1. What number goes with the only condition from (1) more than 16 Å from ligand 2 (Cβ to nearest atom); (2) surrounded by 19 or more Cβ atoms within 10 Å (Cβ to Cβ); (3) on the phi < 0 side of the Ramachandran plot that residue 127 does not pass?
2. Tell me, yes or no, whether the range 383-398 has at least one residue that is surrounded by fewer than 20 Cβ atoms within 10 Å (Cβ to Cβ), within 16 Å of ligand 1 (Cβ to nearest atom), in contact (Cβ under 8 Å) with a residue 12 or more places away in the chain and in a strand (DSSP E or B).
3. Applying the selection to the range 437-465, what residues are touching an Asp or Glu at 6+ places or on another chain (Cβ under 9 Å) and not acidic (Asp, Glu)?
4. For the range 340-378, give me each residue that is of a type in the set (A, V, I, L, M), outside any loop (DSSP other than H, G, I, E, B) and away from ligand 1 (no atom under 16 Å from the Cβ).
5. Restricting attention to the range 458-511, and to residues there that are part of a strand (DSSP E or B) and away from ligand 1 (no atom under 16 Å from the Cβ), which single residue is farthest from residue 386 (Cα to Cα)?
6. Could you please find all residues in the range 159-212 being closer than 11 Å to residue 374 by Cβ, polar (S, T, N, Q) and assigned to a loop (DSSP other than H, G, I, E, B)?
7. Among the residues that make up the range 385-401, is at least one of them touching a Lys or Arg at 6+ places or on another chain (Cβ under 6 Å) and under 30 Å from residue 417 (Cα atoms)?
Amino acid sequence: MNNMKNADLDAIIIGAGFAGIYALHKLRDELGLSVRAFDKAGGIGGTWYWNRYPGAMSDSEGFIYQYSFDRELLREWTWKKRYLSQAEILGYLGAVVEKYDLAKDIQLNTAVEALAYDEDSGLWDVTTGDGQFLTARYVVTALGPLSTSHFPDFKGRDSFEGRMVHTGSWPEDLRIEGKRVGVIGTGSTGTQFICAASKVTEQLTVFQRTAQYNVPSGNKALDEEYFTQLRSDYDRIWEQAKASRVACGFEESGTPAMSVSEEERQRVFQENWDRGNGFRFMFGTFSDIIFDPRANEAAAEFIKSKIREIVKDPETARKLQPTDYYAKRPICNEDYYESYNRDNVTLVSLKENPIREITPRGVVTEDGVEHELDVLVFATGFEAVEGSYRQMDIRGRGGVSLDEHWGEAPSSYLGMSVSGFPNLFMVYGPNSVFSNLPTAIETQVEWISDTVGMAEERGLASVEATREAEEDWTTLCAEIAGRSLFPKVKSWIFGANIPGRKQRVLFYFAGLGNYRQKLSDVVEADYEGFKLEGRTSAVSV
Ligand code: FAD
Ligand code: NA7
């Protein structure tokens with residue numbers, strides 16, 4: 001129990017991407033709280049503000065990569081192709097901000113550096129990079145799962161005299177047309193960049209460490225008829241997505257790969273290859289691609305056969321064929337493998353020929369070749385999920401920092417709450433559901449808003465996960481992940497892309513439908529796993 005004093009604000013929100021924008025609307029407009037959102041970026045949009053590299057787009061389909069809560073916006077909003085470009089998503093989020101008049105409560109260019117819970121006042125002390133100090137009763141961290149760039153420190157990195165950029169903070173003035181460009185990294189971002197850059201650069205050198213499985217995206221222009229059909233189908237779409245595993249807007253397969261004949265397996269793979277989309281190929285073909293090594297091998301072999309078919313130079317085709325399980329976040333692109341048939345594109349396999357150093361003129365590989373470049377692009381990914389938390393100084397009860405509390409590997413209850421950090425709600429914190437993000441974000445923001453609403457109604461001082469609930473949830477997420485092939489490959493979804501970091505579990509892999517069920521069970525059981533503390537004196541701001 002505590003004696004709460006007046007706070008400057010009822011709630012602060014950190015981040016103005018999909019999560020922060022919706023949280024601001026819910027807490028301010030629906031609960032009637034006084035709220036301010038902060039973002040260190042110069043504009044709203046989060047991921048889509050920062051990632052402006054050529055080729056940046058969502059690879060969740062456009063109709064599912066948006067909020068579902070505003071039926072009017074769903075009816076009005078249109079876009080050009082099956083997948084949304086970075087500019088379209090930024091425009092969409094801008095329209096949401098405008099529609100709900102949110103900008104006046106979003107403070108941009110302002111990093112929140114420290115959060116400290118004051119047990120006497122029951123308030124969060126908030127310190128920003130520009131020297132503001134304020135207090136709030138609730139904190140919603142909408143920091144983004146992919147908002148802290150991983151920028152490997154190669155020998156000589158900073159000596160490069162051309163333009164060196166990370167895709168996660170692409171400068172608006174940078175043009176690559178007609179230039180000699182190098183790109184390190186061939187994940188989702190790197191491959192999107194390669195598809196776009198191969199068409200406009202004089203020379204594109206791709207530095208690939210680990211080959212990944214790419215399937216076609218099936219991107220294509222949409223017409224009026226598509227939107228007419230879509231508008232009449234939204235109720236079904238959202239109902240299906242919210243009950244599904246990955247919420248990508250297609251029916252996930254219930255058929256194990258080995259339960260059908262070889263001929264049928266090839267037919268299904270081919271059909272989904274032709275339809276396009278990475279999540280569809282992994283979850284819409286067969287039910288056990290990420291569980292059964294034989295199913296996984298069959299899918300992997302199908303994709304490898306396509307690489308051999310598409311890529312003309314056999315040596316390049318060999319280097320492009322992955323050797324791991326098909327178990328990273330799935331990737332799709334238009335014409336990825338075809339890019340390597342262009343005369344201006346060269347592939348360097350870093351497994352066979354590592355980077356020795358970066359020089360003022362370019363990249364020198366172990367074979368002694370200096371790859372001369374005007375622009376060097378790091379598509380080297382992010383310190384996923386926990387990265388933006390670890391950068392802040394967040395202190396809960398007893399002055400314990402979140403960094404200390406987490407130790408080597410982060411934990412949470414339901415991906416949203418941590419014991420010892422009362423009234424702090426994370427959107428997409430560690431062990432949130434692995435799925436199409438806007439739909440998962442909406443689920444969490446709505447749950448957080450309902451929970452804050454409940455706390456207000458009951459006049460509670462705080463809502464906080466119990467340590468036991470946090471431990472149980474973290475253990476459950478590890479068990480679920482362990483049943484799949486996902487942890488068998490090194491990737492950002494297990495934090496294994498950061499040198500020196502142990503593999504850790506960062507997601508709940510049992511799907512959005514199960515996750516939503518769990519959230520409503522928790523509420524049904526009167527917030528099972530949470531400590532609800534009463535107030536000793538009433539507070540208002
Ligand atoms: P973000 O959009 O990352 O916003 C977080 C904001 O918090 C940022 O603007 C950041 O500046 C701010 N912030 C962080 N720390 C602080 C601080 N201390 N102080 C102030 N501000 C702070 N997901 C999909 O589901 N499908 C896709 O197809 C897809 N494509 C993607 C493509 C790319 C290139 C990338 C990078 C990500 C993609 N994602 C995709 C994931 C994407 O991050 C989410 O879909 C979604 O945009 C996340 O929204 P968010 O609001 O949670 O976080
Ligand atoms: P990813 O998927 O983490 O990919 C990063 C790429 O960069 C990957 O190919 C890495 O190779 C490579 N990388 C990272 N560090 C190095 C070093 N030191 N040397 C050489 N190559 C390196 O990040 P993305 O941005 O592509 O995608 C992240 C998510 O954002 C994505 O799933 C979407 O949701 C959007 P590696 O495989 O580690 O050998």
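1. The one condition residue 127 does not meet is (2).
2. Yes, the range 383-398 contains at least one residue that is surrounded by fewer than 20 Cβ atoms within 10 Å (Cβ to Cβ), within 16 Å of ligand 1 (Cβ to nearest atom), in contact (Cβ under 8 Å) with a residue 12 or more places away in the chain and in a strand (DSSP E or B).
3. 449, 452, 453, 460, 461, 462, 463
4. Those that are of a type in the set (A, V, I, L, M), outside any loop (DSSP other than H, G, I, E, B) and away from ligand 1 (no atom under 16 Å from the Cβ): 345, 347, 348, 355, 358, 363, 364, 375, 376.
5. Here the residue is 460.
6. Selection gives 201 alone.
7. yes
Each row is one residue, and each column tells you yes or no for (1) within 30 Å of residue 399 (Cα to Cα); (2) in a helix (DSSP H, G or I); (3) at pLDDT 95 or above.
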site	(1), (2), (3)
87	no, yes, yes
91	no, yes, yes
94	no, yes, yes
97	no, yes, yes
101	no, no, yes
104	no, yes, yes
110	yes, no, yes
117	yes, no, yes
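The values are calculated or read from the model by the stated rules, or taken from the named source; none is laboratory data. These numbers were taken from a predicted model, which means no experiment stands behind them. Here the Cβ is made from the backbone with ideal geometry for all residues, glycine too, and neighbour counts use every protein chain on show.
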